[in-house]
1. For the subset of the range 1-42 comprising residues that are basic (Lys, Arg) and either free of Cβ contacts under 8 Å to residues at least 12 places away in the same chain or in a strand (DSSP E or B) (or both), which member is surrounded by the fewest Cβ atoms within 10 Å (Cβ to Cβ)?
2. Looking only at the range 70-91, count how many residues are open to solvent by 30 Å² or more (accessible area, probe 1.4 Å), of a type outside the set (Asp, Glu) and either over 11 Å from the mean Cα position of the chain (by Cα) or farther than 14 Å from Arg19 by Cα (or both).
3. Tell me, which residue of the range 43-61 that is open to solvent by less than 60 Å² (accessible area, probe 1.4 Å) and of a type in the set (S, T, N, Q) is farthest from Thr111 (Cα to Cα)?
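The values are calculated or read from the model by the stated rules, or taken from the named source; none is laboratory data. All of these numbers come straight from a predicted model, not from anything done at the bench. Quick reminder, even Gly has a Cβ in these numbers, built from the backbone with ideal geometry, and neighbours come from all protein chains shown. What goes into the accessible areas is simple: the full protein's heavy atoms, side chains included, and nothing from ligands, DNA or RNA. Shrake-Rupley method; radii C 1.70, N 1.55, O 1.52, S 1.80 Å.
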Amino acid sequence: QVQLVESGGGLVQAGGSLRLSCAASGSIFRPYVMGWYRQAPGKQRELVATITSGDSTNYADSVKGRFTISRDNAKSTVYLQMNSLKPEDTAVYYCAAVYRMTYWGQGTQVTVSS
């Protein structure tokens with residue numbers, strides 16, 4: 001089993017940047033596919049980006065070219081660098097770890113003002 005703790009959310013103006021972190025504990029980190037999801041008010045949770053144990057990445061079309069997912073296996077941490085933020089990026093961002101089942105963090109709020 002793995003526990004996930006997100007950090008790095010906050011309030012930023014449009015065009016700004018934020019870096020989210022997700023620290024994993026309780027299990028060996030490397031086998032997990034890690035991902036970031038987000039949920040805006042009144043909307044379903046959606047995929048933002050994923051990264052495999054081999055560092056293959058996948059992004060939602062809406063964030064391609066602006067967001068970068070990365071992982072540090074030595075620190076059991078996955079990151080989401082978010083640049084050129086837009087008001088429509090406002091959401092609660094969740095970290096997920098997938099290995100036989102999906103584990104979720106508690107979420108961190110990102111608010112982008114226009």
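1. Of all residues in the range 1-42, those basic (Lys, Arg) come to 19, 30, 38.
After this cut, where a residue has to be either free of Cβ contacts under 8 Å to residues at least 12 places away in the same chain or in a strand (DSSP E or B) (or both) as well, the list is 19, 38.
On the way: Arg19: 14, Arg38: 23.
Among residues in the range 1-42 that are basic (Lys, Arg) and either free of Cβ contacts under 8 Å to residues at least 12 places away in the same chain or in a strand (DSSP E or B) (or both), the one surrounded by the fewest Cβ atoms within 10 Å (Cβ to Cβ) is Arg19.
2. Adding up the residues that qualify gives 8.
3. So, considering only residues that are open to solvent by less than 60 Å² (accessible area, probe 1.4 Å) and of a type in the set (S, T, N, Q), the one farthest from Thr111 (Cα to Cα) is Ser53.
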